[in-house]
Each structure stands twice: as structure tokens, then as C-alpha cells.
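Trainee: If you scroll down you'll find the structure; I have some questions about it.
The values are calculated or read from the model by the stated rules, or taken from the named source; none is laboratory data. All figures in this text were calculated on a predicted structure; none of them were measured in a lab. Note: ideal-geometry Cβ built from the backbone for every residue, glycine included; neighbour counts use all protein chains shown.
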Amino acid sequence: MDKTAVIASSLAIAALIGLQSMPASAQTIEDALAKAYLNNPTLLSTRAGLRSTDESVPQALANWRPTVEITGSAGAEVVESSTSTGTDRNQSRRPKDIGISVTQPLFRGGRTLAATSGAENDIRAARARLLEAEQNILLQAATAYLNVYRDQAVLRLNQNNEEVLQRQLEATRDRFEVGEITRTDVHQAEARLARSKADRIQSQGDLETSRANYLNVVGEPAPKTLTLPDRAGDLPGSADEAVRIAVVNNPGVIAAEFDRRASMDNVDEVWGELLPEMDLTASSTREWETTTETSLRTSHEVTLNLTIPIYQQGEVYSRLRQARQDAAESTLVIDTERRDAAEAGTQSYESLITARAQVDAFQTQIEASIVALEGVQREAAVGSRTVLDILDAEQELLDSRVSHVRSERDELVATYELMSALGRLTAKDLGLAVDLYDPREHYNEVRDKWFGGTSSGGVK
């Protein structure tokens, strides 16, 4: 093997090693997660949905408050009358009246209390689902970020490999010209170069696909250089521990529990429709020209109204049975969510352990492949190895580096999946540099609001 081929192979090793240690000053994964947290439309729409759910509490509380109405009417009236004595009497009046009434509910069969409690539990369930949506978006953003990082690294490896194989093909042709090797060696080098071009084109396509997904999730184009985050340290030490945390903290489990409480409140609310209802009504009315052209009448009235339901066509009883079945269903949903959370905790933990083992294994393979390639080059220099042996050794080194990059991505994705299963993949837990969205602010704003058709965050 001549000096040109040796130099080309050495360049391959040096370039491949350099790719792993190349410094990167670029966007971090925390930056991408922060932008997704602030800009992702799915997450923003979920927050708007929660603000809409907040309004169910003031709507329930409204049943404690009075209803005030002002009524009025005005018209024209002509009355023609005659008597048996021949006396005619005609009147032209413009009757009008105005009144005000106030109705205050006193007892509604406990429906107001049940509706308020149910609305509170609906809001707590919606808050848990907001955390679930937040975790899903952050997981998508982390996955998109790591996919771009992986595909950028694979593209660089393939580009570098193509350049090395191009130089090696030129060296192989030179050796063929002087009769050191056969035409078969040249064709083998040409075939390997063609394969490297195909791999490079494929990796370019994969990168563009990942960039499109990144733009969709994060809302901004992916930068040219991304940095790989460090391994997370605060994770469960076993699958059993992961399951124990997941079945308690997973947002899906929490939401299902509050759904069950809300369904029990709905049972109480429907049951209240079978109980008596009482309210107090006060009204005041003034009438002009209602009986004569000069009449004026003012009346005041206070009434206590009691309604006792006797039979309501069986419709309320049907809805009561339905509400009880809904409550039974929501209780079973909790078990489903817990099982799903346990499965997600176990699966993500085992995926993480597997990915970590693969990272270490591929690193060992890289180190061994480097030594093997150097040995093959020395043996080829003395004639005991062929060009194909060198090409195979270089390809094995490239494959191990590509597999190592992909396993690093898989490890970190598994880490974020595990954090999501545990309910810890939130902006607060990650310490993202953002102003955290506090759902209690809008809730406190509208809970006791008596007037006004707008609130923060809504359409004016």
C-alpha cells in the first residue's frame, strides 16, 4: 500500500474522531423547550380551554345571587262606551307602566352546592390535563430537538465518509495505474463511494424532515448547530420506583380522580331536582292611565314561593340513574389511567436502561474499530490485506459512530419519556427560563365576578 492510501485512511480516522469532539456553541435543548412552552399553539389553546372551564364556577355561584328585572310597557287606547239612557262616553288613554322585581333563591335542593363543587373538580381535572398537554408538547419539542441533532451528526459523518472515500478511490486508481492492484479493487472502491453518496443523500432528506417537525413544534427554524444535553441525574433507581411515582403523580391519573369527584357531584345535583325549591320575590310596579285618563296606581308585593315536585315524567329519575352510571364509569377510568401510567413508567425506564447500555456498547465498538482499522492499514501496507479489507474496516467504524449517535438520541428521548411518565416534564420541574403560566390567576379573576363580559386572555 502506497503512502497516499495510508494518508487517506489516516485522514478518515482523524476526521471521524474530530466530529465527536467538535465544540458547539448553539441553541440548547432548554432554549427549544422554553420557546415551545411559550409559542406552541396546541398548548396555548389548551390554556384557553382551561380559562373557559374556569367560568363554570361563577356560573354555579350565580344561583346564590338574586335576579333583578325591570319591565315596562306603553301604548295607546281609545274606549267608546254608551248607556241605555243614550249617554255616550269616550276615553282616549295612553296607558304605561314600569316595574322592578327581585327574585332571591333560598333553597334549591342542594343543587347550588353540588354544582359549585362539581365545577371546582372539573377545573382541577382541566388543570391536570393542562399539565399533561404541557408535558406532551415539551416531550415533542425535546424529541424534535434530538432528532435534528442526530440527523445533523449523521449527515456530517456521511459527508466526511464520502470525502474520504473519494480520496481513497483516487489513490486506488493511482495504484492500479502502476500495477500494484487489479481493476477489481478499483470497482470495489467505486461501489463503496456510490454507497456513501446514497447514504449522504438519505441523511440530508432525514435532516430536512426533522427540521420541518422542529419548526412545527417549537415555532422557529432549527439552528444549524445544536448541543447535546447532559445525562439527567434525578431519576428513579428501579422500575418499581418509577411505577410507584407514576401512579401517583401522572397527570392523567390526577385528572381521572377529579373527574370521578365531579361525577359524584353531578349525582347530588340531579338528586336535588327531586327536592322542594323555595325562593323569595319582591316587586314594585307603577301604572299610568290604565283605568281612566288620570289614574295612577303604585303596587308593592313580596311573595314566598315554594315548589314541591311530585312527578316529572320520570325524566329526572332517568338522569339520576345515568349520573350514577357515569360515576361508576369514571371510577373504573381511574384504574385504567393508573395501569397506563404504570406501563408508561416501566416501559420508559427499561427503554432508558437499554439505551444507556447501547451507548456504552457502541462507544466500545468505536474504540475497537479504530484500533482494527489501524491494524488493517498496517497489514495492507505489507500486502497481507486488500483494499476491500480497508473499505470494510472503515465502513464498520462509520456504522459504529452512526449507531452511537442514534443511541445517544434514544437515551435522551427515553429520559424525557420517563420524566413525562413521572409527571416531572414540566417547565417548573425543568427550571426553564420562562414566566410560568399560573392558571389560578384567571380563576381568581372571574370566580366572584358579578359583571363584565371580558377577562384576561380572552377575545375582547
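Trainee: Sort through Ser284, Ser295, Ser299 and tell me the only one that's over 28 Å from Ala119 (Cα atoms), under 56 Å from the mean Cα position of the chain (by Cα) and of a type outside the set (Asp, Glu).
Mentor: Ser284
Trainee: More than 17 Å from the chain's Cα centre (by Cα) and in a loop (DSSP other than H, G, I, E, B): which single residue out of Ser400, Ser407, Ser455 fits that description?
Mentor: When all the criteria are applied, what remains is Ser455.
Trainee: What are the pairs with Cβ atoms under 7 angstrom where one residue, in the stretch 234-252, is modelled with pLDDT of 90 or more and the other, located anywhere, is polar (S, T, N, Q) and part of a helix (DSSP H, G or I)? Sequence gap at least six, or different chains.
Mentor: Note: pairs meeting the criteria are Ala239/Thr346; Ala242/Thr346; Val243/Thr346; Pro251/Gln135.
Trainee: Moving on to the next point. Of all residues in the stretch 367-379, which are surrounded by fewer than 20 Cβ atoms within 10 Å (Cβ to Cβ) and either charged (D, E, K, R) or in contact (Cβ under 8 Å) with a residue 40 or more places away in the chain (or both)?
Mentor: Answer for the stretch 367-379, where residues must be surrounded by fewer than 20 Cβ atoms within 10 Å (Cβ to Cβ) and either charged (D, E, K, R) or in contact (Cβ under 8 Å) with a residue 40 or more places away in the chain (or both): Glu367, Ile370, Glu374, Arg378, Glu379.
Trainee: May I pose another question? All but one of (1) within 22 Å of Ser420 (Cα to Cα); (2) touching a helix residue (DSSP H, G or I) at 6+ places or on another chain (Cβ under 8 Å); (3) acidic (Asp, Glu) hold for Asp326; state the number of the condition that does not hold.
Mentor: Unmet condition: (1).
Trainee: Does the stretch 343-359 include one or more residues that are among the acidic types (Asp, Glu) and modelled with pLDDT of 90 or more?
Mentor: Scanning the stretch 343-359 turns up at least one residue that is among the acidic types (Asp, Glu) and modelled with pLDDT of 90 or more.
Trainee: In the stretch 119-162, which residue that is among the polar types (S, T, N, Q) and over 24 Å from the mean Cα position of the chain (by Cα) is surrounded by the most Cβ atoms within 10 Å (Cβ to Cβ)?
Mentor: Asn161
Trainee: Sticking with this structure for a sec: Name the single residue, out of those in the stretch 163-203 being in contact with a Phe, Trp or Tyr (Cβ under 9 Å, 6 or more places away or on another chain) and free of Cβ contacts under 8 Å to residues at least 40 places away in the same chain, that is surrounded by the fewest Cβ atoms within 10 Å (Cβ to Cβ).
Mentor: Arg183
Trainee: Answer yes or no as to whether Ser400 is out of contact with any helix residue (DSSP H, G or I) (no Cβ under 7 Å at 6 or more places or on another chain), more than 30 Å from Asp234 (Cβ to Cβ) and surrounded by fewer than 22 Cβ atoms within 10 Å (Cβ to Cβ).
Mentor: no
Trainee: So Glu289 passes all but one of these: (1) of a type in the set (Asp, Glu); (2) under 30 Å from Asn40 (Cα atoms); (3) in contact (Cβ under 8 Å) with a residue 40 or more places away in the chain. Which condition number does it fail?
Mentor: Failed condition: (2).
Trainee: Let me ask something additional. Do you know which of the residues in the stretch 43-75 that are of a type in the set (Val, Ile, Thr) and either surrounded by 15 or more Cβ atoms within 10 Å (Cβ to Cβ) or free of Cβ contacts under 8 Å to residues at least 12 places away in the same chain (or both) is farthest from Arg108 (Cα to Cα)?
Mentor: Ranking the qualifying residues of the stretch 43-75, first place goes to Thr46.
Trainee: Residues in the stretch 337-349: is at least one of a type in the set (Ser, Thr, Tyr), in a helix (DSSP H, G or I) and free of Cβ contacts under 8 Å to residues at least 60 places away in the same chain?
Mentor: No, the stretch 337-349 has no match at all.
Trainee: Follow-up question, since we're still on this one. Which pairs do you get when a residue that is without any contact (Cβ under 8 Å) to a residue 40 or more places away in the chain, found in the stretch 444-456, comes within reach of a residue that is of a type in the set (S, T, N, Q), reach meaning Cβ atoms under 9 angstrom, with the pair 6+ apart or on two chains?
Mentor: Taking only residues 6 or more apart or on different chains, the pairs are Glu445/Ser455; Glu445/Ser456.
Trainee: For the stretch 307-315, indicate whether the set of residues that are surrounded by 12 or more Cβ atoms within 10 Å (Cβ to Cβ), assigned to a helix (DSSP H, G or I) and in contact (Cβ under 8 Å) with a residue 12 or more places away in the chain is non-empty.
Mentor: For the stretch 307-315, residues surrounded by 12 or more Cβ atoms within 10 Å (Cβ to Cβ), assigned to a helix (DSSP H, G or I) and in contact (Cβ under 8 Å) with a residue 12 or more places away in the chain: absent.
Trainee: Among the residues in the stretch 354-363, are any acidic (Asp, Glu), surrounded by fewer than 19 Cβ atoms within 10 Å (Cβ to Cβ) and part of a helix (DSSP H, G or I)?
Mentor: For the stretch 354-363, residues acidic (Asp, Glu), surrounded by fewer than 19 Cβ atoms within 10 Å (Cβ to Cβ) and part of a helix (DSSP H, G or I): present.
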